[in-house]
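The values are calculated or read from the model by the stated rules, or taken from the named source; none is laboratory data. Just so you know, these numbers come straight off a predicted model, no measurement behind them. Cβ sites come from the backbone with ideal geometry, for glycine too, and all protein chains shown count toward neighbours.
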Amino acid sequence: MEASLAQIAQLAAQGLASGAIYGLVALGLVLGYKATEVMNFAHGDIVMLSAFIGWGLISSLGAPFWTALPAVVALVALFCYGLEAGIMRRIVGQPQFAGVMLTIGIGFMIRGAVSMSFGPESRSYPTPWTGASTRVGGMVLSDLSLVIVGAAMLVTLLIYLFLRRTTLGIAVHAAAQNQLAAYLCGVRVKRLNSLVWALSGAIAALCGILLAPISLVDLTLWTVMLKALAALVLGGFGSAPGAIAGGLLIGLVEQFSGVYLPDGSKDVMAYLVLIVVLVLRPRGLFGETHGRRV
């Protein structure tokens with residue numbers, strides 16, 4: 001009995017670690033959508049790009065992890081700022097479908113550029129927590145998993161405080177409701193959108209750096225966005241706390257289904273949950289009843 005409980009606790013810890021990454025990726029999507037009302041389908045490719053940049057700095061150039069981490073976050077944030085200011089801003093006023101297709105195209109371009117620059121091989125790099133573990137009761141938890149969960153909770157708290165307690169965060173809410181009204185009230189909407197995309201890119205960079213040691217630095221890393229979309233729908237489209245909660249739930253469902261259900265269940269459970277939520281509760285766990293359909 002005790003062994004069974006220990007196994008359940010171990011699976012729950014592993015599920016929370018992977019779910020925290022899904023939640024963070026979903027959180028970045030929420031921020032970008034709040035700013036421009038465009039779902040950034042290149043977000044997963046930005047996560048993948050961040051992992052490759054981190055590998056290049058740590059393994060190729062020999063940079064310490066704590067030097068590479070802020071450097072990757074800053075570079076990717078700057079890249080996303082330029083992406084919004086230089087490209088996405090050009091389609092303001094166009095149908096949402098135009099933004100969707102544009103971000104999909106940007107994603108393919110990022111993927112192709114990374115493949116040409118780094119090659120298609122999988123690789124990895126060490127972190128300060130590689131190989132380290134902590135024993136809690138009958139469980140042995142990877143220190144990297146604990147760091148991922150802690151980082152997700154910290155980032156969520158900071159984003160919540162930013163959106164609720166700062167002038168800039170309130171301006172984001174105002175622009176999300178009505179960009180013209182916010183502009184007439186003195187909000188510099190264009191610059192605000194670029195700053196929010198930069199913040200979304202910084203979160204994607206953090207996800208890439210933390211996810212790469214677990215999933216390897218690989219071109220397929222962009223597919224984490226598919227799980228993040230399921231988390232986004234489950235938690236409630238447009239809700240920052242819902243994105244994290246949805247990601248954690250998806251991670252738990254995946255982990256337990258991979259052990260207690262037939263082979264292959266783990267790969268489809270996230271999308272099965274997505275379908276069930278869309279049918280039974282389209283607004284998700286924390287979504288607002290007046291939210292838009294996209």
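Being surrounded by fewer than 24 Cβ atoms within 10 Å (Cβ to Cβ) and more than 15 Å from Ser115 (Cβ to Cβ) is the filter here, so list the residues in the stretch 35-55 that pass it. Across the stretch 35-55, the qualifying residues are Glu37, Val38, Met39, Phe41.
Yes/no matrix, rows are residues, columns are (1) modelled with pLDDT under 80; (2) under 25 Å from Gln177 (Cα atoms):
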{"site": "Ile244", "(1), (2)": "no, yes"}
{"site": "Gln255", "(1), (2)": "no, no"}
{"site": "Tyr271", "(1), (2)": "no, no"}
{"site": "Val279", "(1), (2)": "no, no"}
{"site": "Gly284", "(1), (2)": "yes, yes"}
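In summary, Val172 fulfils each of the numbered conditions (1) closer than 19 Å to Val92 by Cα; (2) out of contact with any Leu (no Cβ under 8 Å at 6 or more places or on another chain); (3) modelled with pLDDT under 85 with the single exception of condition (2).
Is it true that Ala212 is touching a Cys at 6+ places or on another chain (Cβ under 8 Å) and of a type outside the set (Lys, Arg)? Don't jump to the end; show me each part of the working.
Working: touching a Cys at 6+ places or on another chain (Cβ under 8 Å): no; of a type outside the set (Lys, Arg): yes.
Answer is no for this residue.
Could you check, for the stretch 144-167, whether at least one of its residues is farther than 25 Å from Phe79 by Cα, buried (at least 18 other Cβ atoms within 10 Å of the Cβ), touching a strand residue (DSSP E or B) at 6+ places or on another chain (Cβ under 8 Å) and of a type outside the set (Asp, Glu)? Yes: the stretch 144-167 contains one or more residues that are farther than 25 Å from Phe79 by Cα, buried (at least 18 other Cβ atoms within 10 Å of the Cβ), touching a strand residue (DSSP E or B) at 6+ places or on another chain (Cβ under 8 Å) and of a type outside the set (Asp, Glu). So which residues in the stretch 38-71 are closer than 19 Å to Thr103 by Cα and among the aliphatic types (A, V, I, L, M), if there are any at all? Scanning the stretch 38-71 gives Val38, Met39, Ala42, Ile46, Val47, Met48, Leu49.
The C-beta contact set for the stretch 31-51 (first residue among the basic types (Lys, Arg), second residue at pLDDT below 90 and in a loop (DSSP other than H, G, I, E, B), distance under 9 angstrom, 6+ apart or interchain) comprises Lys34/Gly238. Once the stretch 116-132 is narrowed to residues that are surrounded by fewer than 14 Cβ atoms within 10 Å (Cβ to Cβ) and touching a helix residue (DSSP H, G or I) at 6+ places or on another chain (Cβ under 9 Å), the residue that is modelled with the highest pLDDT is Ser117.
For (1) in a helix (DSSP H, G or I); (2) within 24 Å of Val38 (Cβ to Cβ); (3) among the aliphatic types (A, V, I, L, M), each residue gets a yes or a no:
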residue: Leu141; (1), (2), (3): no, no, yes
residue: Leu146; (1), (2), (3): yes, no, yes
residue: Met153; (1), (2), (3): yes, no, yes
residue: Arg164; (1), (2), (3): yes, yes, no
residue: Ala176; (1), (2), (3): yes, yes, yes
residue: Gly186; (1), (2), (3): no, yes, no
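Every listed requirement among (1) among the β-branched types (Val, Ile, Thr); (2) more than 21 Å from Cys207 (Cβ to Cβ); (3) touching a residue at least 40 places away in the same chain (Cβ under 8 Å) is met by Val187 save one, (3).
Is at least one residue of the stretch 77-97 closer than 22 Å to Val233 by Cα, surrounded by fewer than 22 Cβ atoms within 10 Å (Cβ to Cβ) and polar (S, T, N, Q)? Yes, the stretch 77-97 has at least one match.
When Ala171, Ala151 are checked against the criterion of being farther than 30 Å from Leu11 by Cβ and either of a type outside the set (S, T, N, Q) or touching a helix residue (DSSP H, G or I) at 6+ places or on another chain (Cβ under 9 Å) (or both), Ala171 stands alone in meeting it.
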